[in-house]
Every structure is written in structure tokens, then in C-alpha cells.
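Comments concern the structure below.
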Amino acid sequence: MSKHFDVVVIGGGPGGYIAAIRAAQLGFNTACIDEWKNDKGGPAPGGTCTNVGCIPSKALLQSSEHFEHAGHSFADHGIGVSGLSIDVAKMLKRKDAVVKQNNDGILYLFKKNKVSFFHGRGSFVKAAAEGWEIQVGDEVLVGKHVIIATGSNPRALPGAPFDEDRILSNDGALRIPAVPKTLGLIGSGVIGLEMGSVWRRLGAEVTVLEALPNFLGAVDEQIAKEAHKAFTKQGLKIELGVKVDAVKAGKSAVKVAYTNAKGESVALEVERLIVSIGRVPNTVGLNAEGVGLMLDPRGAIVVDDDCRTNLANVWAVGDVVRGPMLAHKAEEEGVAVAERIAGQHGHVNFNTVPWVIYTSPEIAWVGETEQQLKARGAAYKAGTFPFMANGRARALGDTTGMVKMLADAKTDEILGVHIVGPYASELIAECVVAMEFKASSEDLARICHAHPSLSEATKEAALAVDKRTLNF
Ligand code: FAD
Ligand code: NAI
């Protein structure tokens, strides 16, 4: 016998589980289906983000940063460390425990909000009079509305499938059993830089091969340049403008043949290779074709601005649709769709979705970059403030980087903020709020910021827009 729901969500990542909770809060009888299994075969909701993405990567970034500090910066504080070592197995166990806390947290939230959870793969059967029939295991759920949040999968290099032993996706990259002597990374995007940082800090010699001639092309050029300088100084070898010709995995090493920017053929041999060249939307097993769900040539589900698909009462959110592949973007879309189903006016402002790269220094931004403003011929003013001139940064011993603010030349409205430096991930939140409220740089400059704090650098960058910094 089938089970009937107002809303059936397929996928329990940040897009899906948040959509399910919001739908339940709004009074809908809601089900969430997720197929992710933990190592015992049990449910592990939270999707890529919780299991092999945001959460475990940040756990390893934290562990490796402690190790780096103990080895390199404690001495400056008069703290001596002898016999410093890293127990990789313990570090990975801690990471797994952090993941499990998050999986369990979501199951708890489902109970608390009376969301019915189904562990298994959800697949469209057909449209019925009462809604859409979705098969999960032996059961058939019928949903008046269906929200698809089936996420994305890592993209493999043609001819070099992931074996998760020598050629690693983000999954294998998060469970390398011992620090490799040499590590190669293909793609110097977000995963490449975060994972490269983890293993470099722990002692691996890391080489990053990037196809594009520019480093971090989506990032404000001035910020990307500063970040490149910092990463290179730390010992990350980043080669730009590279064409990977062949990858061959052996028993204990991977051979990468590539052509460098000068057109020379280079042979690189590394113990392990992480391939982080982007992700592809995932609709495997949904039976999209069977019910006529429209996909674009990249395999993403086609949606309108409100996340409606071409099928009546079927919505899609997160990595499986257009837009940035970010957990918080997926969550915002999930909330907005649940609210639209309830007749409310859910809204996602793509211009104020923040981006963060959790390297050291961290990189964070919101809004337009200087090169984007130039390209559209906008009249703008720019202000920058270096952390070197910030008291808290000096006390932390972390003075790399800057805050850069871009504002409209006429109205002074903030158009973008770009940060490279300590705790950029936290500092950007103030700038997102400012932009959501259409603040001017003068508004931020007039707000009292605690002293000594890194946030004073944001205020000073706002003052710099008007060429009147107080501390630089
Ligand atoms: P997912 O999280 O991929 O969830 C989809 C879920 O649906 C999965 O559990 C999957 O098993 C399930 N599923 C798929 N098909 C079916 C089906 N037919 N039936 C049932 N279940 C199904 N983003 C950030 O914002 N910040 C970060 O710091 C960050 N770090 C990242 C680090 C790494 C290494 C990676 C790989 C990604 C990172 N991301 C980060 C991106 C983030 O993980 C994704 O944007 C986010 O997880 C997308 O959420 P989603 O709900 O759309 O999909
Ligand atoms: P990415 O899109 O960030 O970077 C991929 C890089 O690989 C690009 O620089 C691209 O030019 C390069 N590339 C593509 N093909 C190549 C080839 N054949 N040879 C060499 N280089 C090649 O993708 P990534 O790092 O795989 O991450 C996927 C997504 O996951 C990100 O776009 C992001 O949305 C999300 N993510 C977010 C994080 C965060 O918010 N902190 C952390 C990690 C991932």
C-alpha cells in the first residue's frame, strides 16, 4: 500500500534535508528519502556536504592547521614543542566522528520536526491522480509535491577513472591512510586548494596542475594574486596553463604526463593523485527520462528562477540545478521552495551568496569582483585595508592579506567585498548583511566595530573607499 505525503523530498543533503524541515514547519506532511550509507550500511543523511564534503574537509583542515601551528608558529610565542608527530589514523577517526555527529543530528532533526525518513533510492514511477508516485525499496510514496535534491558527483578525467586508492576523488582525498611523500592535484579550484593545503601541512610535497592560465579565475584578481603568493610561499607548487595528456595509476604511484604552459612535455610521478576538476549534477536512478523530466546538456535539471521543473509540482534545488555548487545556496533554495509550496514568497538572492575557500589564508567574497565591474563598464570606487595594519591580526601573528571593498561611484552602494586573510569566512558575514540591506560603504564606515578585532579591517576598507583610513 502506498503512503501519502504533501511533500516528498528526494535527497537528504543540505538542499533536501533543510527543504524537508522547512516544509514540515509549514505544516506539510513531509517525507525525505536519502540513500547515503555509513560504513555499517545504515543511514547517513547530510549528503556530500556532511559525508565527503564541507564537514570532513573542515575537520581535516582544522587538524592539519593545529599541526602546522605546533610545528611552525608556536615557537614565536615561546612555546616549545618536541617530538611533534601526526597520527593520521586518529585524525581520520576524529573526522569520522564529526561526520557521524552531523548524520545523527539530522536524524534527530527529522524526528523533532516529524519528517518521515526513508533510507534508500527514490525513483519516479508515474504521475497519479493524488500526486507523484515515488518508489523507495519495496514502498511507494505518493507526494502532492516532490522536491528533487539529488546533488552532484565528482567529475573524472577522461581515461582515468577514480579508484580511490591512487586516483582520488574528494571521497578518497579525505581518507588517505598515511601522509604521502608526494601528492598531485589536478585542478586548482576550491577542493584542490583545500585538500592540497591539508596534506601539504602534514608534510606531503604537493603539486597542483591547473588548465587555466589564471589562478582562481572567479576570484577578484588582486585577492587571487595575494593568495597565490601566500600558497606558493607555503610550498604549494602551482602550475598554471597545463594540459594533462595522460594519467596512469600503478601499484604504488601515479604517472601524469602533461604539457606545461611553455609547451614542454613533463612527466610527473606522485604517490597519490587527487582529481578535482569540478562536479556533475546527479540524476542517476531518478528515472528522469521515464517521466520526461527535462535536463540540460550538462545533466542538470532545468528549473526556472523559482526552482520549478518542467513537471507539475516537481521542484529541484541545490547542486542538481544551475548556480553555484554550495551547501548554503542549496539550503536557501530548499527553504524558498518549501515556502513557495505554502503560497509564500521564498526568495534567493544570488548576488549575495557568499563564497569561502577555507585555506590559510582564507579567501571569502560576496558580490562583484573588480574585473566584473570593469567588464560591465560600471563606475566604482575601491578601498583596501591590509591585515598588516590591524592590531588583532598582529596579536594573532597572522597578518597576510587584506579586505577590499568595491562601491558604486555615485550612490556608494557596496557592490562587492573580497577578503584574503585570517577568519575571512567569518568576516564576510557582515558584508553579506550590508549588501542585503543595500548599505553604502559610508554606512559600514560609520558603524562602531569592536577593538581589537579583525572586523576593524572591514570598517577601515570601507573608510578606504573614501580615502580616509585611520590606521593605515
Ligand atoms: P548533496 O549534498 O550532494 O546531497 C544529495 C543527497 O541525495 C545525497 O545524500 C545522495 O546520496 C542523495 N541521493 C541522490 N540521488 C538519490 C536518489 N535517487 N534517492 C535518494 N537519495 C538520493 N559547500 C560549501 O558551501 N562549503 C564548503 O565548505 C564546501 N566544501 C566542500 C568540500 C568538498 C570536498 C566537496 C566535494 C564539496 C563541498 N561543498 C561545500 C559543496 C557542497 O557539499 C554541495 O554544494 C552541497 O552538498 C550540495 O547539496 P545538495 O543537497 O544539493 O546535494
Ligand atoms: P572547481 O570548479 O572549484 O575547480 C575546478 C578546477 O579544475 C578549475 O580551476 C578548472 O579550471 C580546473 N580544471 C578543469 N578541468 C581540468 C583539467 N582537465 N586539467 C586541469 N585543470 C582542470 O571544482 P572543484 O574544486 O572540483 O570543486 C567542486 C565544487 O565543490 C566547487 O565548485 C564548489 O562549488 C564546491 N566546493 C566548495 C567548497 C567551499 O565552499 N569551501 C569547498 C570544496 C568544494
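Quick note: the coordinates plus some simple rules give every number you see, no bench work behind them. Given the structure is predicted, the values throughout are model-derived calculations rather than measurements. Note that we place each Cβ from the backbone using ideal geometry, even for glycine, and neighbour counts take in every protein chain shown.
Spin-label model, A89/D408: points 7 Å from Cα along the beta carbon direction are separated by 6.1 nm. Among T150, T411, T469, the order by Cβ neighbours within 10 angstrom, fewest to most, reads T411, T469, T150.
For trypsin sites (Lys or Arg not before Pro), the sites in the range 384-430 that DSSP calls loop and that have at most 16 other Cβ atoms within 10 Å are K410. Annotation: amide H-H contacts under 5 Å for F118 (H modelled 1.01 Å from N, sequence separation of 5 or more, or interchain): C32, I33, D34.
Restricting the range 33-80 to chymotrypsin sites (Phe, Trp or Tyr not before Pro) that sit in a DSSP loop and have at most 14 other Cβ atoms within 10 Å of their own Cβ leaves nothing.
Per-residue packing, averaged as other Cβ atoms within 10 Å, sorts the ranges 420-428, 38-46 into the order 420-428, 38-46, beginning with the highest.
If R0 equals 51 Å, the separation of the Cβ atoms of H451 and A312 corresponds to a calculated FRET efficiency of about 0.35. Straight-line reach from K181: taking Cα to Cα under 20 Å and skipping same-chain neighbours fewer than 8 places apart, the lysines in range are K90, K233, K237, K248, K251, K255. Net charge in the neighbourhood of I147 (other residues with Cβ under 13 Å of its Cβ; Lys, Arg +1, Asp, Glu -1) is -2.
Can you give the FRET efficiency to the nearest 0.05 for D171 and Q25, using r as the Cβ-Cβ distance and R₀ = 35 Å? Walk me through the numbers before you get to the answer.
Details: r = 32 Å, r/R0 = 0.92.
So the FRET efficiency works out to roughly 0.60.
Among 379-385, 239-245, the peptide with the highest mean count of other Cβ atoms within 10 Å heads the list, and the full ranking is 379-385, 239-245. Please say if the range 203-347 is rounded, prolate or oblate, where rounded means a/c under 1.5 for a ≥ b ≥ c the square roots of the C-alpha gyration tensor eigenvalues, and otherwise the choice is prolate for a/b larger than b/c and oblate otherwise? Since a/c reaches 1.5 and a/b is larger than b/c, the shape of the range 203-347 is classed as prolate.
Using a ≥ b ≥ c from the Cα gyration tensor of the chain (square roots of the eigenvalues), is it rounded, prolate or oblate, where a/c under 1.5 gives rounded and otherwise the larger of a/b and b/c decides, a/b for prolate?
Numbers: a/c = 1.71, a/b = 1.25, b/c = 1.37.
Judged from the Cα gyration tensor, the chain comes out oblate (a/c at least 1.5, b/c at or above a/b).
Which of V208, V321, V198 has the fewest other C-beta atoms within 10 Å, and how do the rest follow up to the most? Write down the numbers at each step before the final one.
Values: V208 26, V321 23, V198 29.
Fewest-to-most ranking of V208, V321, V198: V321, V208, V198.
Our summary gives the chain a relative contact order of 14 percent, counting only alpha carbon pairs under 8 angstrom and 6 or more residues apart.
Put a dot 7 Å past the Cα of A211, heading toward its Cβ, do the same for D163, and the two dots end up 2.4 nm apart. Any idea what the relative contact order of the range 167-277 is, in percent, if you count C-alpha pairs under 8 Å spaced at least 6 apart? Value for the range 167-277: 34 percent.
Extending 7 Å from Cα along the Cβ direction at A70 and again at R322 yields two label points whose distance is 4.9 nm. Within the same chain, lysines fewer than 8 places from K381 are excluded, and of the rest, those with a Cα less than 29 Å from its Cα are K225, K229, K329, K404, K410, K438, K459, K467.
What is the gain in length, in nm to one decimal, between E139 and Q371 on full extension, counting 0.36 nm per residue of separation less the C-alpha to C-alpha distance? Intermediate results must be reported in sequence, preceding the final value.
On the way: separation 232, 0.36 × 232 = 83.52 nm, distance 5.27 nm.
Gain on stretching E139 to Q371: 78.3 nm.
Rounded to the nearest 5, what is the percent of antiparallel bridges among the DSSP beta bridges in the chain?
Numbers: 53 of 85 bridges.
About 60 percent, rounded to the nearest 5.
Its relative contact order, with pairs defined as Cα atoms under 8 Å and 6+ residues apart, puts the range 251-342 at 16 percent. For the range 329-379, applying the loop criterion from DSSP together with a ceiling of 13 other beta carbons within 10 Å to the trypsin sites (Lys or Arg not before Pro) yields R376. For the range 98-249, rounded, prolate or oblate, judged on the Cα gyration tensor with a ≥ b ≥ c (square roots of eigenvalues), a/c < 1.5 rounded, else prolate if a/b > b/c? In terms of gyration-tensor shape, prolate.
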